[in-house]
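Rule-based calculations on the coordinates, nothing more; no lab input. Note that the structure is a prediction, hence the values are computed from the model and not measured. Neighbour counts are summed over all protein chains in view; Cβ atoms, including those assigned to glycine, are modelled from backbone coordinates with ideal geometry.
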Amino acid sequence: DQQVKQNSPSLSVQEGRISILNCDYTNSMFDYFLWYKKYPAEGPTFLISISSIKDKNEDGRFTVFLNKSAKHLSLHIVPSQPGDSAVYFCAAPAGGTSYGKLTFGQGTILTVHP
Amino acid sequence: NAGVTQTPKFQVLKTGQSMTLQCAQDMNHNSMYWYRQDPGMGLRLIYYSASEGTTDKGEVPNGYNVSRLNKREFSLRLESAAPSQTSVYFCASSSSQGANVLTFGAGSRLTVL
C-alpha cells in the first residue's frame with residue numbers, strides 16, 4: 001500500500017526551463033511533506049518542506065505547492081540547472097508522535113540538459 | 001564535520017551468512033533510523049531509535065535486528081541473510097527540533113547471493 005506516490009519515474013528538461021515534479025498521497029492524516037534530493041552514491045539530502053496549513057513554500061529556485069483537496073503536491077525548480085540532475089523523493093511523516101518515520105515516494109529521476 | 005558515517009560501503013554475502021552494518025553520527029542527534037532502498041520502491045523504514053536506549057520496528061523489520069549502542073551509534077544486523085535483503089541501506093539521524101529533517105549517510109550496498 002503505497003501511501004505516497006510519484007507516478008513519473010523520470011523527467012528530462014532543458015537548462016533554464018522549469019522542472020515540475022509531482023507527488024500524490026492517499027493518507028488524509030498527513031500534515032507535513034518534505035522533498036529530498038539524491039545524487040548517485042550519496043544519501044538523500046533535505047531540500048524543502050511544507051506544512052498542511054500552507055499551500056506554497058518557496059526557497060530560492062525551489063517552490064513546493066500543496067493541494068490538499070486533490071492530495072497532491074508538486075516541486076517546481078526555476079530555472080533548472082544541470083547540477084539539479086538527481087533523484088527527487090517526496091516524503092511524509094506518519095504523523096502524531098511518529099516524527100522522523102517517513103514514508104517515501106518511489107522517486108523521480110530529473111535530468112537537466114545543458 | 002562527518003555527519004552520518006556508515007560502514008561498510010559494499011558487502012557481498014552468501015545466503016545464510018550474518019553481518020552487521022555500522023552507523024555513527026557526530027551531530028548529537030537523539031533519533032536514528034535504518035532505511036532500505038529498492039528499485040521502484042523508494043526508501044522504506046526498517047527500524048528506528050527515538051532516543052538512546054529505545055528501538056522500534058518500522059515498515060519492513062523482518063529479518064533484521066538493531067542495537068542503539070549509545071547516542072552516537074546505531075547498528076543493523078542481518079542474522080541469516082536472504083537474497084530478498086539485497087538492497088542499499090541508509091542510516092539517518094535527526095534532532096528533536098527538526099525531527100522530520102533527516103541527515104542520511106552515504107549508504108551501504110549489500111548483495112546476498
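When the convex hull of the Cα atoms of chain B is projected onto a plane and the area is averaged over all directions, what value comes out in nm²?
6.5
Would you tell me the mean number of C-beta atoms belonging to other protein chains that fall within 10 Å of each C-beta in B:89-100, as a whole number?
3
Find the Rg to Rh ratio for chain A, where Rh is the Kirkwood radius over alpha-carbon pairs and Rg uses the same atoms.
0.95
Using alpha carbons only, how many angstrom separate the centre of region A:1-56 from the centre of region A:58-114?
Centre-to-centre distance over Cα atoms comes out at 2 Å.
May I ask you to evaluate 6.51 cos²θ - 1.76 cosθ + 1.60, the Karplus curve with θ = phi - 60°, for each residue of region B:47-52 and list the ³J(HN,Hα) values in order in whole Hz, giving x for glycine and proline?
8, 9, 9, 5, 7, 4
Taking the number of other C-beta atoms within 10 Å as the exposure measure, put B:His29, A:His72 in order starting with the fewest.
A:His72, B:His29
Reachable lysines from A:Lys37, Cα under 27 Å, same-chain residues fewer than 8 places away excluded?
Counting by Cα, and skipping residues close in sequence, A:Lys37 has these lysines nearby: A:Lys5, A:Lys54, A:Lys56, A:Lys68, A:Lys71, A:Lys101, B:Lys9, B:Lys57, B:Lys71.
Running Debye on region A:15-57 with equal point scatterers at the Cα sites and no solvent, what base-10 log of I(q)/I(0) appears at q = 0.18, 0.19 Å⁻¹?
Listed by q, the Debye log ratios stand at -0.73, -0.79.
Is there a simple number for the mean count of other chain Cβ atoms within 10 Å of the Cβ of residues in B:29-42, and what is it?
Mean number of neighbouring Cβ atoms from other chains: 3.
Quick check: from the Cα gyration tensor, does the protein assembly as shown come out rounded (a/c under 1.5), prolate or oblate?
prolate
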